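Q: Structure in structure tokens, see below.
Just so it is clear, none of the values below were taken in a lab; they were calculated from the coordinates. Here the structure is a predicted model, which is why all the values come from computation and not from measurement. Positions of Cβ are generated from backbone atoms using ideal geometry, with glycine treated the same way; all protein chains shown enter the neighbour counts.
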Amino acid sequence: MTKLLERAVEKVKNLPEKEQDAIAALIIEELEDEMRWEKAFDHSQDVLAKLAHEAMEEERTGRTSELDPDTL
């Protein structure tokens with residue numbers, strides 16, 4: 001455990017139980033959210049690579065055109 005996390009835990013220990021539970025719930029929610037993002041990005045890399053390859057192939061074969069910001 002890092003020194004900063006140890007300091008945070010020590011401060012939380014001094015709070016009322018209800019506040020400790022609220023902070024614990026926030027930490028757990030944040031960690032679970034981070035894991036969901038990591039999982040989503042891990043699975044998306046293959047899809048993104050395929051889309052990039054397709055876009056580059058379309059550019060190489062002349063099937064793309066310049067974007068006009070005035071028509072977006």
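Q: Tell me the angle of helix 3-13 to the major Cα principal axis of the chain, expressed in degrees between 0 and 90 and rounded to the nearest ten.
A: Once rounded, the angle reads 50 degrees.
Q: In terms of Cα to Cα distance under 26 Å, which lysines are near enough to Lys39, apart from those fewer than 8 places away along the same chain?
A: Lys50
Q: What FRET efficiency comes out for the pair Glu32/Leu4, r = Cβ-Cβ distance, R0 = 25 Å, nearest 0.05? Walk me through the numbers before you get to the answer.
A: Numbers: r = 21 Å, r/R0 = 0.85.
The formula returns an efficiency of 0.75 here.
Q: Only one of the listed values, (1) 1.38; (2) 1.08; (3) 0.95, was derived from the coordinates as Rg/Rh (Cα atoms, Kirkwood Rh); which label is it?
A: (1)
Q: I would also like to ask the following. Pull up the cross-link candidates among the lysines for Lys3, meaning alpha carbon to alpha carbon under 24 Å and not fewer than 8 places away within one chain.
A: Within the straight-line limit of under 24 Å, Lys3 reaches these lysines: Lys11, Lys13.
Q: Let me ask something else. For the chain, take the longest principal axis of its alpha carbons; what is the angle in degrees between that and the long axis of helix 17-60, to the nearest 10 within 0 to 90?
A: Roughly 10 degrees between the two axes.
Q: Charges on Cβ only, +1 for Lys and Arg, -1 for Asp and Glu, centred on the Cα centroid of the chain; of Leu67, Ala8, Ala40, which one is farthest towards the dipole's positive end?
A: Ala8
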